[in-house]
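All remarks here apply to the structure that follows.
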Ligand code: ADP
Ligand code: ZN
């Protein structure tokens, strides 16, 4: 397990210190609310309760669901003790799952109840499954006289049109959500006799079959797969880095580990950074195992969440693939965890309970006594260092499968090879695009910036369009004719006149976003079939899947995309990747800027030449001598890591040192400042522990809240949690101020 995971507080149930036997039969129940400890409740006569049982209990005027966390601890005196209302008929939360909640809470310094909330995120799943009412469109039904066909009613009927051709029935809640109206509209249509009611049974998930043979593996792949299999069969904790270039067959290899877990009658969990973008992964899994895995992510409907949660709890789901929250599902007997693209920053949850899913997954594996594989072509420096020092095992896959060669990476020096004014593609990249199109192949232009232009300013007075709620420029989205804040979502029309000086027609777009690159492509190659691939131009996983398929069928010649398209997709006809601004991620003073830029560009480059034709990658940069660019051009991954590790070691930064951030925020800037200063004065300081700040956060205003940051830096051997707890105890925090604790911060904004 990572150092980070090891040094967290010992797992200890939230209900502490049992007192001498209380006269009543009582239990401590943890509630999924931001509470520090479990509360005692009386066990009513005739009810049998054990640790992990899901129960309903009174809390003030409400009734809430909770989990029996242990024996009563005397936190409530007998006279005021309330009784448990009922016990749910569901398999109890396992001992490992409860210890995991306590562990995550202690490590991230989050109230245990708040962490529990992620584990009981679908209370409806505890109720016995009930068939649900859903509707089809009724053929040839006439509206009764006097029935007004309003716009919302029309929309709902239109949504159900496909049911006449065999489409699936939809529940009232789903219809209301899709049509953007209330459920009463749906009921009105049903009462008017225009809808056909049907009862939906809970969805049954298919069962992946481990007997199905996989492809025949190369000797390297075979050795890697056998190693993983043995770990799964041994049923002991270990962490392995599965380290292999893109296309080396890492996925095929970890499928073998999944197959081994199923063979043992256990479950497998696969974490993917962006599950909603992973349709190709799901198809591939279904082809390999004959049935899809259960998915767990934010795009699921309420009914899907409920059915999946319940099925997992009952042990009916052998394989779950999910986003970070899938760690908290009620697995009865997990046999292996796979963290694919383990270096991806999407694993860090930045809101609510702030945690890194990769690190928590290692902790989960440790608590559960099972193997975990961290998979990447460009591991995080944390994982790389853990593998180099043999804290983690390493399995390497050095070559691309089937002899496909890694693409050639060239640096385009923008200081010499200059694009024309207000254009962004250098002459050499233009030439390469021309050649690629002439050869009947596909090209991709990568720019990790949505919209048309990142900044709009007035040419007369220099006024810059800024978000009123955030420290951020407004981004022009020309297709949508709007200015948008990418932090708080604010949207406003493009101003015709400058809001500052009133001059008309002076507002100018500065710099490129993908929309502007698309404009340049249309100008250069009017015949080419081009499209933008970004999260705001593609709505949802299905749209992304369609785009990916259409690229695969070669219905597009040039794709202009953000990182949505950098992840995992496999395009055989794609032979040229042009990175418009390779320097983009390097600015901004982030500890991991170089590492992240390297990982992202490496991954983007990996899109080229995945088929039979060799690929070519061109990185446009103003800093061709930068170590990141040099390493990419030379294909010297380990050289880059060595240099990066040296720099971090020298600076005492992670993974060689430890960081924790406090973010102080509130609506009143003076109060925020005052509390931040008080925290600064009360900060723990010693020869080895330093606190930097308070400093205004780079996003010093976010969604209308003022923010100040403090950063604690300590040697790796230091347990930072007790230090921070004592520190916070020394300062009075007024209710209008929020202090967020971020242990092992990844974002410094
Ligand atoms: P990675 O996960 O390392 O990027 P994949 O597992 O996706 O690599 O493999 C890359 C491509 O090569 C995929 O299309 C995969 O199906 C194919 N492939 C890998 N190993 C084999 C094998 N042993 N037999 C047949 N196809 C393979
Ligand atoms: Zn904003």
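Before moving on, here are some points about what is shown:
- Computed on the range 446-500, the Cα convex hull volume stands at 91 Å³ per residue.
- Principal axis box of the range 551-590, alpha-carbon based, largest edge first, Å: 41, 18, 13
- The range 535-623, relative contact order in percent, only Cα pairs under 8 angstrom and at least six apart counted: 34 percent
- Cα principal axis extents for the range 353-467, largest first, Å: 64, 46, 25
- In terms of its Cα atoms, the range 24-79 spans 29, 23, 21 Å along the principal axes, sorted from long to short.
- Using only alpha carbons, the range 65-116 has a radius of gyration to Kirkwood radius ratio (Rg to Rh) of 1.01.
- Column: log10 I(q)/I(0), Debye, Cα scatterers of the range 683-749, q = 0.27, 0.29 Å⁻¹: -1.44, -1.51
- At q = 0.05 Å⁻¹ the log10 of I(q)/I(0) for the chain amounts to -0.29, computed by Debye summation with a single uniform scatterer per C-alpha, solvent ignored.
- Computed Rg/Rh of the range 42-198, alpha carbon atoms with Kirkwood Rh: 1.18
- Shape call, the range 618-728: gyration tensor on alpha carbons, a/c limit 1.5: oblate
- Sorted fewest first by neighbouring Cβ atoms within 10 angstrom, 233, 43 come out as 233, 43.
- The listed peptides 141-152, 714-725, ordered by packing as a protection proxy, come out as 714-725, 141-152 (highest mean of other Cβ atoms within 10 Å first).
- Taking other C-beta atoms within 10 angstrom as a stand-in for reagent exposure, 47, 565, 573 fall in the order 47, 573, 565, fewest first.
- Taking the average, over residues, of other Cβ atoms within 10 Å as the packing measure, peptides 111-118, 664-671 rank 111-118, 664-671 from highest down.
- Taking one quarter of the surface of the C-alpha convex hull of the range 88-180 gives a mean projected area of 10.1 nm².
- Evaluated at q = 0.11, 0.15, 0.22, 0.26 Å⁻¹: base-10 log I(q)/I(0), Debye formula over Cα of the range 182-264: -0.50, -0.63, -1.11, -1.23
- Stokes-Einstein diffusion coefficient of the range 214-353, Kirkwood radius over Cα pairs, 4 °C, 1.567 mPa s, in µm²/s: 83 µm²/s
- A simple packing score, the average count of other Cβ atoms within 10 Å per residue, orders the peptides 319-332, 516-529 as 319-332, 516-529, with the highest score first.
- For the range 197-249 versus the range 713-749, the gap between their alpha-carbon centres in whole angstrom: 39 Å
- Mean residue ellipticity (222 nm) of the chain, computed from DSSP H runs ≥ 4 via -39,500 (n - 2.57), nearest 500: -9000 deg cm²/dmol
- Kirkwood hydrodynamic radius of the range 489-546, Cα pairs, Å: 14.5 Å
- Contact order for the range 143-297, expressed relative to its length and based on alpha carbon pairs under 8 Å spaced 6+ residues apart, stands at 23 percent.
- Pairs of Cα atoms nearer than 8 Å and 6+ residues apart set the relative contact order; for the chain it is 11 percent.
- Cα-based convex hull volume of the range 408-461 per residue, rounded to whole Å³: 132 Å³
Quick note: the coordinates plus some simple rules give every number you see, no bench work behind them. Since this is a predicted model, take the numbers as computed values, not measurements. Note that each Cβ is placed from the backbone with ideal geometry, even for glycine, and that neighbours are counted across all protein chains shown.
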